Structure formats: C-alpha cells, structure tokens
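Report on the following structure.
The values are calculated or read from the model by the stated rules, or taken from the named source; none is laboratory data. It should be emphasised that the depicted structure is a prediction, and the values quoted were computed from it without experimental measurement. Cβ atoms come from the backbone with ideal geometry, glycine included; neighbour counts cover every protein chain shown.
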Ligand SMILES: [Zn+2]
C-alpha cells in the first residue's frame with residue numbers, strides 16, 4: 001500500500017471528529033468498541049498510540065476541553081434563552097446531562113482528535129511510516 005498523502009491540520013481535525021485515522025482517513029480506524037481500542041489503524045497500519053510521552057494525557061485533556069466547551073455552550077444558551085427567569089435546577093440537570101453525554105459519548109472522538117493534533121505536532125518518523133506500511137501489507141496479505 002502506498003503512503004497516504006500528507007494533509008493539513010484542518011483536514012486531520014475533521015478526520016478526528018468523524019473518528020477516522022488522522023494519517024490516512026481510514027474509517028473506524030482505531031476502535032473495536034466504544035472504549036476498546038485496536039493497536040493499529042485497520043487501513044494504513046499506523047501504530048496510533050505512539051511512544052511519545054503524554055499521549056494519554058493529551059487525549060484526556062481533549063475530552064475535558066470538548067466536555068467543558070459543550071457545558072459552557074449549553075449553559076450560555078440556556079441563560080440567554082430564558083433570561084431573566086433562568087430556571088436554575090432544570091438548567092443544571094440539562095447541563096449535567098450534556099456533560100455526561102459528551103464526556104462518555106465523546107471518548108473515542110477525543111482520542112482521534114488528539115491524534116490529529118499529535119501527528120501535526122510530531123509528524124510521523126520514517127521508521128513509523130515503514131512500520132505502518134509493513135503492517136498494512138501484512139493485513140492485506142492475511143485477507
Ligand atoms: Zn490510518
């Protein structure tokens with residue numbers, strides 16, 4: 001398999017938002033379940049959990065940013081729409097529900113979005129590209 005064409009950060013972020021591989025754009029690349037991750041991209045063989053310090057921390061931070069953004073947006077919209085009679089407890093219940101939905105529901109997306117940022121900050125090394133190509137070839141031959 002030939003190497004995927006290099007793309008910019010916006011394209012990689014969009015790929016991440018749709019839970020695709022930031023490197024090749026492969027669909028459903030890394031997740032075998034909602035919380036279960038495969039070691040490599042099913043399409044290009046890229047070992048996405050790279051040997052870089054802080055990858056997990058970055059993915060967790062991305063989840064916190066996404067959840068916090070959704071909470072702030074929901075709270076802001078709720079206050080603007082209902083002002084001056086802001087229904088405090090219903091709004092808290094709605095904001096709490098949004099936090100749970102985005103925090104848990106956005107778990108895989110936080111990893112793939114963070115991967116896009118990570119690949120942009122630390123482009124793939126030639127060894128990683130060769131390793132990915134070898135695994136992609138092995139997967140192709142196994143089918
Ligand atoms: Zn890939």
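Some observations on this one:
- For segment 1-16, the set of residues classified as free of Cβ contacts under 8 Å to residues at least 40 places away in the same chain, within 13 Å of the ligand (Cβ to nearest atom) and either part of a helix (DSSP H, G or I) or surrounded by 15 or more Cβ atoms within 10 Å (Cβ to Cβ) (or both) consists of 7 only.
- Sole exception among (1) outside any helix (DSSP H, G or I); (2) within 16 Å of the chain's Cα centre (by Cα); (3) under 17 Å from residue 13 (Cβ atoms) for residue 50, by number: (3)
- Residues of segment 48-73 satisfying the condition of being within 15 Å of the ligand (Cβ to nearest atom) and free of Cβ contacts under 8 Å to residues at least 60 places away in the same chain: 49
- From the list 28, 33, 45, the one residue that fits, being within 15 Å of the ligand (Cβ to nearest atom), farther than 17 Å from residue 119 by Cβ and not in a helix (DSSP H, G or I), is 28.
- Residue match in segment 56-63 (condition: more than 22 Å from residue 98 (Cα to Cα) and at pLDDT below 90): yes
- Among the residues of segment 87-110, those that are out of contact with any strand residue (DSSP E or B) (no Cβ under 7 Å at 6 or more places or on another chain) and under 14 Å from residue 60 (Cα atoms) comprise 102, 103, 104, 105, 106, 107, 109, 110.
- Of all the numbered requirements in (1) in a loop (DSSP other than H, G, I, E, B); (2) away from the ligand (no atom under 15 Å from the Cβ); (3) under 26 Å from residue 98 (Cα atoms), residue 19 misses one, and that requirement is (2).
- Residue pairs meeting the criteria (Cβ under 7 Å; at least 6 apart or on separate chains; first over 17 Å from residue 129 (Cα atoms) and modelled with pLDDT of 85 or more, in segment 17-45; second within 11 Å of the ligand (Cβ to nearest atom) and outside any loop (DSSP other than H, G, I, E, B)): 19/112; 20/112
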